[in-house]
Amino acid sequence: VTFFSAYSATRKAKAAFESGQHTFSLGINDGQRVQCQCDDCKKAGWPNAYFNFVTQVANAVKSYYPPQMIGLIAYGDVKQPAADLKLPDNVVVLTTGAEGGRLKQFARHASHLGVYEYIYGDGWWIPNFPLDGLRHNEPIYRALNTRFYFAEAYPTWAFDAPKIAMRSRLMWDAT
């Protein structure tokens, strides 16, 4: 297993920013955890070792902020922040799932918040049509000053176009 060191991640982030990208993702692997086995990371434990890694890289590229930012996805086994976690100002945390609970948790640990939602339609036995949930979450996102949004949507347009249209309309007011 090859580990992505803070040095190599910093080098890649700088190259991405210099090529015009606005964010550089340090999201975790989907599925199997790949964890550094150095003494410092073993001592910190998981997920603290991951958040320490993100912090090291973010601090190393802070001169690019604003507007460039380091992104992470609060997902899987890094979805719960440690009580004393304080992420640098140039980190944006996208929480997964539709509930606002994790978003509220990370609001105490990060300056920039986002949401990574799953609004699938294709592949479901019955239509996944959570319009009430989309409407319910929008005021939570606004109250927590959520500024970033990403959705996984593999649309069956007959069912999913209304979800995508509604989410877009609810988020349209940029004030």
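With respect to (1) polar (S, T, N, Q); (2) open to solvent by 40 Å² or more (accessible area, probe 1.4 Å); (3) at pLDDT 95 or above, the lone exception for THR55 is condition (2). Just to be sure, is VAL93 among the hydrophobic types (A, V, I, L, M, F, W, C), open to solvent by less than 20 Å² (accessible area, probe 1.4 Å) and touching a Gly at 6+ places or on another chain (Cβ under 9 Å)? When the stated conditions are applied, VAL93 passes them. What are the residues in region 124-150 that are exposed (fewer than 14 other Cβ atoms within 10 Å of the Cβ), outside any loop (DSSP other than H, G, I, E, B), at pLDDT below 85 and aliphatic (A, V, I, L, M), if any? Residue satisfying the conditions is LEU131 alone. Could you figure out which of (1) in contact with a helix residue (DSSP H, G or I) (Cβ under 9 Å, 6 or more places away or on another chain); (2) modelled with pLDDT under 95; (3) open to solvent by 30 Å² or more (accessible area, probe 1.4 Å) isn't true of TYR50? Every condition holds for TYR50 apart from (3). Here is a check on your reading of the model: is ASP39 open to solvent by 20 Å² or more (accessible area, probe 1.4 Å), farther than 26 Å from ALA107 by Cα, among the acidic types (Asp, Glu) and without any contact (Cβ under 8 Å) to a residue 60 or more places away in the chain? Yes; evaluated as a whole, the condition is true for this residue.
The values are calculated or read from the model by the stated rules, or taken from the named source; none is laboratory data. Given the structure is predicted, the values throughout are model-derived calculations rather than measurements. When we count neighbours, we look across all protein chains shown, and the Cβ atoms used for this are built from the backbone with ideal geometry, even at glycine. Please note that ligands, DNA and RNA were not included when accessible areas were found on the heavy atoms of the full protein model with its side chains. Shrake-Rupley method; radii C 1.70, N 1.55, O 1.52, S 1.80 Å.
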